[in-house]
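Heads up: the structure comes next, in structure tokens.
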Amino acid sequence: MSQITTHILDTSSGKPAQDVAVSLSRQEEQLWTCIAEGITNKEGRITDLLAKDVIIPAGIYKLRFETKIYFESRGITTFYPFIEVVFYISGSEHYHVPLLVNPFGYSTYRGT
């Protein structure tokens, strides 16, 4: 499993959000560099964003979730064209960053 994983639950339907594009970027000074990209599976998960043996250094990272494309594909207008979740990695342990989303709100937390 990747050091960083995520999953998305569409709380408006109560189902996993499948086929959502997600990118992982690292902050370097004031610039962001994309280091990985993936698409959620039928369970709304991305478990292979990074290769299993890759350990990224401590630093500030962000996951960008392309929510507009996801909701538009379902005929739904959303207030959030994308969602960016910024977080700090301090060590080599596993980091799971779930996203609960609906067309007009979202929440996130550090999962297990």
| said: Cβ-Cβ under 7 Å, sequence separation 6+ or interchain: first residue in region 46-63 and free of Cβ contacts under 8 Å to residues at least 60 places away in the same chain, partner hydroxyl-bearing (Ser, Thr, Tyr) and outside any loop (DSSP other than H, G, I, E, B). Which pairs? | reply: 46/5; 46/6; 47/5; 49/5; 60/88; 61/25; 62/25; 63/6
| message | Looking only at region 14-23, filter to residues that are part of a loop (DSSP other than H, G, I, E, B) and free of Cβ contacts under 8 Å to residues at least 60 places away in the same chain; which one of those is surrounded by the most Cβ atoms within 10 Å (Cβ to Cβ)? | response | 20
| Got a number for residues in region 44-103 being open to solvent by less than 60 Å² (accessible area, probe 1.4 Å), of a type outside the set (Phe, Trp, Tyr) and not in a loop (DSSP other than H, G, I, E, B)? | 13
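Here's the yes/no breakdown for (1) touching a strand residue (DSSP E or B) at 6+ places or on another chain (Cβ under 6 Å); (2) hydroxyl-bearing (Ser, Thr, Tyr):
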| position | (1), (2) |
| --- | --- |
| 15 | no, no |
| 20 | yes, no |
| 23 | yes, yes |
| 26 | yes, no |
| 29 | no, no |
| 37 | yes, no |
| 43 | yes, no |
| 50 | yes, no |
| 55 | no, no |
| remark: Listed by first then second residue, the pairs whose first member lies in region 93-110 and is without any contact (Cβ under 8 Å) to a residue 60 or more places away in the chain, whose partner is in a strand (DSSP E or B), with beta carbons under 6 Å and at least 6 positions apart or on separate chains, are 106/83; 107/100; 108/85; 108/99
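The rows are residues; the columns are (1) of a type in the set (Lys, Arg); (2) touching a residue at least 24 places away in the same chain (Cβ under 8 Å); (3) within 16 Å of residue 2 (Cβ to Cβ).
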site	(1), (2), (3)
25	no, yes, yes
32	no, yes, no
40	no, yes, yes
79	no, yes, no
84	no, no, no
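Could you say whether any residue in region 27-36 is touching a helix residue (DSSP H, G or I) at 6+ places or on another chain (Cβ under 8 Å), surrounded by 13 or more Cβ atoms within 10 Å (Cβ to Cβ) and farther than 18 Å from residue 107 by Cα?
First, the residues of region 27-36 that are touching a helix residue (DSSP H, G or I) at 6+ places or on another chain (Cβ under 8 Å): none.
Looking through region 27-36, none of the residues is touching a helix residue (DSSP H, G or I) at 6+ places or on another chain (Cβ under 8 Å), surrounded by 13 or more Cβ atoms within 10 Å (Cβ to Cβ) and farther than 18 Å from residue 107 by Cα.
The values are calculated or read from the model by the stated rules, or taken from the named source; none is laboratory data. Predicted model only: the values in this text are computed from it and were never measured. Cβ sites come from the backbone with ideal geometry, for glycine too, and all protein chains shown count toward neighbours. SASA here: full protein model, heavy atoms, side chains in, ligands and nucleic acids out. Shrake-Rupley method; radii C 1.70, N 1.55, O 1.52, S 1.80 Å.
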